[in-house]
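Enquirer: Okay, here's the structure, questions in a sec.
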Amino acid sequence: MHRLYSRWLIYLVLPLLIGTFVGVFILAPVNEFADFHEHRTFYGEKYGNSAWRYVATRMKQALNGQAPWKITFFGLTGAFLGLVSGGLYSVLGRRARQIEQLQSALGQDILTLIASGESGNLEFKSSLRWDLKKNEKNRILESVILKTLAGFMNGEGGTLLVGVADDGEIVGIENDYPTLKKRDQDGWEVALMTLVSSKAGTANCRFIQPVFHRLRDKTVCRVIISPATQPVYVSLDGSRKFYLRTGGSTRELDVEQAVDFIASRWS
């Protein structure tokens, strides 16, 4: 609840108050100043040819209720500009955090990353849909990928390496190519993004960034996942499920757990 009030204060209340102040005490005086110079021959003698005296007099009259429409207009204009500025600040701040996380992840050497092993923010998957054990296409593997991505998005973000076995062996994503419409790296990326879009929502595609590496003549995809700005649900088996990365695994939360977590994470 405290976080909810903080967000309201930062992104709504403060921009409104600051914007209203700017509208009344900056935009309105500037308008009066311009009006004086535009009609200088008319106002000059009455106000001793002083723009400042004219502005001070007009503002005093407006604040005393003699021109309520003017104060209302500039107050609302300032409030609107404040809300727009607050919205832009929120969006740009979020983008800056995502870029910072992406740069931090890319700054890690891929081989060093693999050698460090799986952890709370790092997961290995051998393929997107090709079952190396059964040597056949297996759509269940796509569901596993989805759960991992959603778990990271609902948590603190992380990295998913596809084309790397659980023990760190580099197997590459080339085994997936024959199962794709476009049988190459670009087709693989399209398949991944389409999977996320169709099962987790197109809007959530912006939280994942695939980066490809050539290692030992094989292709590994490093998927960098940013924390989502809203709950991410995955549509599986006819229902919407909520997953969270905890420790070194991804688990499904039941309704009560999901509600409690969402309230603490995004409220």
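The values are calculated or read from the model by the stated rules, or taken from the named source; none is laboratory data. No experiment lies behind these values; they were computed from the predicted model shown. Every residue, glycine among them, receives a Cβ derived from its backbone with ideal geometry; neighbour counts consider all protein chains shown.
Enquirer: Hey, does region 115-125 have a residue that's of a type outside the set (Val, Ile, Thr), more than 15 Å from residue 247 (Cβ to Cβ), assigned by TED's automatic domain parsing to the domain that holds residue 201 and not in a helix (DSSP H, G or I)?
Expert: Within region 115-125 (the criterion being of a type outside the set (Val, Ile, Thr), more than 15 Å from residue 247 (Cβ to Cβ), assigned by TED's automatic domain parsing to the domain that holds residue 201 and not in a helix (DSSP H, G or I)), the answer is yes, since at least one residue qualifies.
Enquirer: Identify, by number, the condition in (1) of a type in the set (S, T, N, Q); (2) in contact with a Lys or Arg (Cβ under 9 Å, 6 or more places away or on another chain); (3) at pLDDT 90 or above; (4) under 16 Å from residue 225 (Cβ atoms) that residue 119 doesn't meet.
Expert: Here residue 119 meets the rest and fails (2).
Enquirer: If you go through region 222-240 one residue at a time, how many are touching a residue at least 40 places away in the same chain (Cβ under 8 Å) and either surrounded by fewer than 20 Cβ atoms within 10 Å (Cβ to Cβ) or more than 13 Å from residue 153 (Cβ to Cβ) (or both)?
Expert: Residues meeting the conditions: 6.
Enquirer: Ok, one more. Does residue 257 qualify as being within 25 Å of the chain's Cα centre (by Cα), in a loop (DSSP other than H, G, I, E, B) and surrounded by fewer than 17 Cβ atoms within 10 Å (Cβ to Cβ)?
Expert: No.
Enquirer: Output the qualifying pairs, or none if there are none: Cβ atoms under 8 angstrom, residues six or more apart or on different chains, first residue in region 141-160 and at pLDDT 95 or above, second residue in a helix (DSSP H, G or I) and among the charged types (D, E, K, R).
Expert: That search, which allows pairs on different chains as well, returns 146/199; 154/265.
Enquirer: Counting only residues that are hydroxyl-bearing (Ser, Thr, Tyr) and in a helix (DSSP H, G or I), which one in region 1-58 is modelled with the lowest pLDDT? Break it down stepwise before answering.
Expert: Step one: list which residues in region 1-58 are hydroxyl-bearing (Ser, Thr, Tyr), which gives 5-6, 11, 20, 41, 43, 47, 50, 54, 57.
Filter once more, keeping what is in a helix (DSSP H, G or I): 5-6, 11, 20, 41, 43, 54, 57.
Numbers: 5: 48, 6: 57, 11: 63, 20: 85, 41: 72, 43: 69, 54: 82, 57: 85.
Of everything passing the filter in region 1-58, 5 is modelled with the lowest pLDDT.
Enquirer: Okay, moving on. Hey, any hits in region 206-215 for a residue that's loosely packed, with under 15 Cβ neighbours inside 10 Å and farther than 22 Å from residue 116 by Cα?
Expert: Yes, region 206-215 contains at least one residue that is loosely packed, with under 15 Cβ neighbours inside 10 Å and farther than 22 Å from residue 116 by Cα.
Enquirer: If you don't mind, there's one more thing I want to ask. Name the residue that is surrounded by the most Cβ atoms within 10 Å (Cβ to Cβ), counting only residues in region 62-86 that are assigned to a loop (DSSP other than H, G, I, E, B) and of a type in the set (Gly, Ala, Ser).
Expert: My answer is 67.
Enquirer: Here is a check on your reading of the model: is residue 32 in the same structural domain as residue 16 (by TED's automatic domain parsing) and either of a type in the set (Lys, Arg) or more than 26 Å from residue 16 (Cα to Cα) (or both)?
Expert: Details: in the same structural domain as residue 16 (by TED's automatic domain parsing): yes; either of a type in the set (Lys, Arg) or more than 26 Å from residue 16 (Cα to Cα) (or both): no.
Spelling it out, it is not the case that residue 32 is in the same structural domain as residue 16 (by TED's automatic domain parsing) and either of a type in the set (Lys, Arg) or more than 26 Å from residue 16 (Cα to Cα) (or both).
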